[in-house]
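See below for the structure under consideration.
Computed from the coordinates by the stated procedures, all read-outs in this text should not be read as laboratory data. Predicted model, so just to flag it, every value in this text is computed and none were measured. Virtual Cβ from ideal backbone geometry, glycine too; neighbours counted across all protein chains shown.
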Amino acid sequence: MNILILGSGGREHSLAWAIKQNPKCDRLICAPGNAGMDEIADCADIDILNGGAVVEFCAENAIDYVVIGPEAPLAAGMADRLRAAGVKCFGPSREAARLEASKTFTKQVCDAANVPTAGWARFGDAASAAAHIREQGAPIVVKADGLAAGKGVVVAMTEAEALAAIDDMFAGAYGEAGAEVVIEEFMQGEEASLFVLANGEHCMAIGSAQDHKRVGEGDTGPNTGGMGAYSPAPVLTPEIEARVMAEIVRPTLAAMARRGTPYQGVLYAGLMILDGRARLVEYNVRFGDPECQVLCMRLGAQVLDLLLACSDDRLHETRAAFADDHAITVVMAARGYPGTYRKGSAIRGLDDLPSSSHQEVFHAGTTLSDGQVLATGGRVLNVTTRAASLREARDLAYGMVDAIDWPDGFCRRDIGWRAL
Ligand code: AMP
Ligand code: GLY
């Protein structure tokens, strides 16, 4: 079949890498793609937020299946557009994507489904939000309601911080996303994520992961999109995972189906685990980045079969084969990220690195120029490995990192510390 992947991050490169290994895949096209995807697929320069352009591209290129990577096209209704045009695709409808696009919506669904999560309240003006914060005290969590590229959340340890966040949000720091804010109870515990394929009420967990959101070693410094991840997450034991499915995921899927907006795609449940109990932090309606990289490394070619089983509503008759192994990904970012950084620096040494079912460098912000790989983004490379133990996988990954010649790049040296 001819497959189109929308997106250009490490997430989409790892999906392309796994899908390409499956004999069902004839032609693979990535839009817009990056230097790494360009090596294993054709890259097409289409606007992935433009439903008309994507539908037209699918017709012209006899595309049989579209995998939608990022949240923005999903929240804009790309899956609806494709399905209406008769193109099979992987990803939730615009209505179902509200589980990520609106924090208020998610909280309402959770309440309707009795899902354990932080207590919350919603505010449309600064004065009542501030009064609520003074009443509740700190620590407390302030969130812009809408999509803010992962930046609209302030975990305030003091009342002053929380009040400053309210001022920022209502002053328009996050644009439309901050027109309403959700204020949540602060939850303590260890975070982990569970990834579930879902179609209506049929669902299947395909792995857990933990990421490192802070830029600095020891989980310090400003938040980023994620500086590394590993799978499985030891804190998410089989017992806790079973409870997450029974108490959080299945009731949510049932509530979504009941309200006439069934969920279809991957549901990313961000969890807070304390004393053997998990509560929901948030949902995302896509694979995590960089969590997808470690899941794809562990699942390999079967990723395509699993995504197709999800889209075709065959999850109940499908099994995922999990090796008893560990995967890790170390993100290499441009010096300065998540603040300002330089674009266009050259990366050398990638061609000499081994590439196998156990080790691969997934690209994010890269481009090819005269045969040379150049950095074009904040997060640039994802050095990803798999081994019998997390320690072995980590050593393998840092060995590869050390062989990459990129003076303008940096990475955290402690990915996986919590699990090790
Ligand atoms: P979100 O975008 O909702 O996932 O929030 C980003 C990060 O903020 C999460 O990964 C958590 O680390 C933290 N966070 C969000 N909500 C809470 C909460 N209610 N209690 C504690 N930490 C939270
Ligand atoms: N790594 C966190 C996310 O993809 O949202």
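When the helices in the chain are scored as -39500 (n - 2.57) per DSSP H run of 4 or longer and the sum is shared across all residues, what 222 nm value do you end up with, to the nearest 500 deg cm²/dmol?
Working: 14 runs with 126 residues, N = 420.
Calculated from helices alone, the mean residue ellipticity at 222 nm is -8500 deg cm²/dmol.
Each of the peptides 46-54, 208-216 was scored by the mean count of other Cβ atoms within 10 Å over its residues; in descending order, highest first, they stand as 208-216, 46-54. Just to be sure I understand: with springs between alpha-carbon atoms less than 10 Å apart, which residue in H363, H132, H326 has the highest mean-square fluctuation in the Gaussian network model of the chain? Comparing H363, H132, H326 in the GNM, the peak value goes to H132.
For T117, the amide hydrogen comes within under 5 Å of the amide hydrogens of L280, counting only partners 5 or more places away or on other chains and with H modelled in the peptide plane. Residue-normalised convex hull volume from the C-alpha trace of region 18-72: 89 Å³ per residue. Taking every alpha-carbon pair under 8 Å whose residues sit at least 6 apart, the chain reaches a relative contact order of 17 percent. The translational diffusion coefficient of region 260-331, from Stokes-Einstein at 25 °C and 0.890 mPa s with a Kirkwood hydrodynamic radius over alpha carbon pairs, comes to 172 µm²/s.
Local charge for V66 was computed over the other residues whose Cβ lies under 11 Å away, with Lys and Arg +1 and Asp and Glu -1, and equals +2. Annotation: Cα Rg of region 1-95 relative to the compact-globule expectation 2.2 N^0.38 Å equals 0.96. Structural size metrics of region 99-155, computed from C-alpha coordinates, are Rg and Dmax of 11.9, 31 Å. For the chain, the number of Lys pairs with C-alpha atoms closer than 21 Å, counting only pairs eight or more positions apart or on separate chains, is 10.
Give me the Debye-computed log₁₀ of I(q)/I(0) at q = 0.22, 0.32, 0.33 Å⁻¹ for region 58-98, equal point scatterers on Cα only, no solvent, two decimals. Cα-only, vacuum Debye calculation for region 58-98: -0.62, -1.11, -1.15. Quick check: from the Cα gyration tensor, does region 289-345 come out rounded (a/c under 1.5), prolate or oblate? Here region 289-345 falls in the prolate category.
Using R0 = 35 Å, the C-beta based FRET efficiency linking R83 and D402 works out to 0.15. To the nearest Å, what is the center-to-center distance of region 174-209 and region 260-310, using C-alpha atoms only? Here the two parts' Cα centres lie 10 Å apart. Given their separation in residues at 0.36 nm each and the Cα-Cα distance between them, A246 and A173 gain 22.5 nm when the chain is fully extended.
Out of I29, I248, I133, any idea which swings most in a Gaussian network model of the chain, alpha carbons joined below 10 Å? Taking springs between Cα atoms under 10 Å, the residue moving most is I133. GNM on the chain, alpha-carbon springs under 10 angstrom: the most fluctuating residue among A269, A257, A35 is A257. In this simple spin-label approximation, A257 and S356 carry label points 7 Å from Cα along the Cα→Cβ vector, and these lie 4.3 nm apart. For region 366-420, the Kirkwood radius over C-alpha pairs fed into Stokes-Einstein at 25 °C and 0.890 mPa s yields D = 192 µm² per second. Note on N223 and A127: their simple-model spin labels are 2.9 nm apart, each label 7 Å out from Cα toward Cβ. Here region 238-379 is treated as an ellipsoid with the same Cα gyration tensor; its semi-axes, largest first and in whole Å, are 35, 19, 16. Note on the chain: semi-axes of the ellipsoid equivalent to its C-alpha gyration tensor, largest first and rounded to whole Å, are 31, 26, 22.
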